[in-house]
1. Can you list, largest first and rounded to whole Å, the semi-axes you get for the chain by taking the square root of 5 times each eigenvalue of its Cα gyration tensor?
2. Where does the Debye-calculated log10 I(q)/I(0) of region 78-141 sit at q = 0.24 Å⁻¹, using only Cα point scatterers of equal weight, no solvent?
3. Scan the chain and hand back the longest stretch that contains none of the GluC sites (Glu not before Pro) lying in DSSP loops with at most 14 other Cβ atoms within 10 Å.
4. How many times 2.2 N^0.38 Å is the alpha carbon radius of gyration of region 1-98?
5. In region 222-294, what trypsin sites (Lys or Arg not before Pro) fall in a loop by DSSP, with at most 14 other Cβ atoms inside 10 Å?
6. Expressed as a whole number of Å, what is the distance separating the alpha-carbon centroids of region 29-83 and region 212-230?
7. At q = 0.25 Å⁻¹, what base-10 log of I(q)/I(0) does the Debye formula yield for region 209-289 when every alpha carbon is treated as an equal point scatterer in vacuo?
8. Could you compute Rg(Cα) / (2.2 N^0.38 Å) for region 132-255, with N its residue count?
Amino acid sequence: MTTVATTWGPLAEPIHSDAAGPGDPVWKDNAYLSFWDVAGGVFGSVHVSTSPNGEGARRARCSVSGHGVVVEVVEDLEPGTFSSDSIHFDLDGTVRVDHPTLQAELTYLPLYAPADYAVTGLIPELVPGKPLQHFQQGCTVTGTVTVGGSTYNLDAEGMRDRTWGFRDEVAQWVEYAGLIATFEGAFITAIKFVSRTGEVAGDGFFATAEGVQVIERIHFRRDAAARFIRATLELADGSTRTVSITARETGFWVPMGAESDGPAFGTYDDFMQLDLDGAPGAGLFEQGIIHRAA
């Protein structure tokens, strides 16, 4: 793939340490890196979430599958930082993990231009007039990962995500599903939400070296266990692209909110090999839904 962007731009936005107080809705600063090295058999995610006023929702997580061996490290974060005891997430291009069960030294570089979900109005506002800022961008990821006693040299592709703003998953939506994938010459991000009032809305972006095109309509097909089978994507230029699964690789639960006796938002990332109209690639399908039985 060709690296088109040279810096991370809005995805390097600093943490907003004083954005909200005790009486305000929860403000979250999140950063996320996912990666897939199909040839090397290594898949993973690094997810950090901090908040000036969200007690119980600040954490750092690194989940890695190396040749089928899965190791996860989850640690608390302090307000105003993306570094925990073992996990260190640098918004400008590096991640370091130093834990007895998992070590990683990663460098990530941007692909193409970022996808800006704030401009579409897709994500409902928790505070009127203050929309959640949400950017995603394809990337390459290189470095080393040690998991299960084995060290792997990583030559991966993936996705960087950066969000900040007032955010409460249980209060803003009841379900969502998103496809993230890279192919030769292209990065795809496509998300659908079900709002608290039952409305279904979705859009996404198809990024190449020529630019970023809006995905106007998204149709997901699932199997009998609600796992991803196929996505049909209708682009703004009138074309239709089809993404289909060719192999299921691994997956990780994604802790999003705080411990709760009431409704809780459960999210899962399903990593897969994929096909885009005959071209091989890889990525993940993320599904989240509110669990109400408590």
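1. Numbers: eigenvalues 132, 118, 72 Å².
Over the Cα atoms of the chain, the semi-axes work out to 26, 24, 19 Å.
2. One equal scatterer on each Cα of region 78-141 leads to -1.00.
3. Numbers: sites that count: 55, 125, 184, 199, 210, 259.
The longest such stretch corresponds to 56-124.
4. Numbers: Rg = 15.2 Å, N = 98, 2.2 N^0.38 = 12.6 Å.
The value comes to 1.21.
5. Numbers: sites: 222, 227, 230, 241, 248, 292; in loops: 227, 292.
Qualifying residues, ordered by number: 292.
6. So the two Cα centres are separated by 25 Å.
7. Cα-only, vacuum Debye calculation for region 209-289: -1.22.
8. Numbers: Rg = 16.4 Å, N = 124, 2.2 N^0.38 = 13.7 Å.
It is 1.19.
Since every read-out is calculated from the coordinates, none of them should be taken as a lab result. Owing to the predicted nature of the structure, the values given are computational and were not obtained by experimental measurement. Because the Cβ atoms are built from the backbone with ideal geometry, glycine has one as well, and the counts that use them run over all protein chains shown.
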